[in-house]
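Below: one structure, written as structure tokens.
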Amino acid sequence: MKIQTDEKKASAELNCYKIELNNKPDLMAQTLNNDGSLVLVVDMVNGFCRTGALCSDRCAEIIPGVAAFLERVPQARKIFVRDCHSETAEEFKSFPPHCHTAEESAVVDELYPVFCESIDLPKNSTDGFYALSESIPEISAYANIAVVGVCTDICVMQLCLSLKAYFNEINATTNVIVFTDLVETYDSNLHSADLMNTFALKLMEQAGIQLFKNIK
């Protein structure tokens, strides 16, 4: 017998609707608009926003917000972390083939001007920490690292949790920051976007990652 799950009721019972982000104001842009801050733009590519097996309208909906955010922090260092798989990627045993063509791996047009002036970091894993730590060994020197993009419960969450765990291990005081209006995930019959967003944000919050709704 198939069991029907009331996702909103389940979230409420887990106290997930009381995420601390609801009590935090938007972060002031001046906090991140300096060379002591790093912005990681995760998987804002066509393969998640426009075309392919994993593209989602929900992911595409945050493009304007991410673009506006990037405009508000011109002094922060920016890295675009993006899926760039081969046809035989090991990850395809868990996920449908995606971002294995130049079109799907390309950053969406709206963010391309900023991308051209930023660091490009291709990755072959859901967790971009491994590619990031190899390319930016001085990452703990930053005071703040802000993460935006998709998908909240996969690439964003894994990267943020890895960063926070690494900083804890070396006793670094770098803040890992996520803006809840600027991350999103996909919706499907087996993957409730609202529920997965809530769980992912709750897990990140409990790990010590700072959550804000947006920037002003």
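Where a number appears in this text, it was derived from the coordinates with a stated rule and is not lab data. Owing to the predicted nature of the structure, the values given are computational and were not obtained by experimental measurement. Glycine gets a Cβ as well: all are built from the backbone with ideal geometry, and neighbour counts include every protein chain shown.
Sorting VAL114, VAL176 from the fewest to the most surrounding beta carbons within 10 angstrom yields VAL114, VAL176.
Here the simple spin-label model places points 7 Å from the Cα toward Cβ, and for ARG72 and ASP26 these points are separated by 0.4 nm.
Once backbone amide H atoms are built at 1.01 Å from N, ARG82 has ASP43, LEU121, LYS123 as its partners under 5 Å, excluding neighbours fewer than 5 places away on the same chain. Peptide packing for 59-65, 166-172 was compared via the average number of neighbouring C-beta atoms within 10 Å per residue; ordered from the highest value, the list is 59-65, 166-172.
Among the listed pairs LYS93/LYS213; LYS78/LYS202; LYS93/LYS202, which are separated by more than 32 Å between their Cα atoms? Beyond 32 Å: LYS93/LYS213.
As a proxy for reagent exposure, ranking LEU182, LEU201 by other Cβ atoms within 10 Å from fewest up yields LEU201, LEU182. In the chain, the DSSP beta bridges split such that about 5 percent are antiparallel, to the nearest 5. Quick one, which of (1) 173; (2) 130; (3) 115 is the actual volume of the Cα convex hull per residue in Å³ calculated for this model? Matching entry in (1) 173; (2) 130; (3) 115: (2). Using the Cβ-Cβ distance between LYS216 and ASP109 with R0 set to 30 Å, the FRET efficiency from 1/(1 + (r/R0)^6) comes to roughly 0.70.
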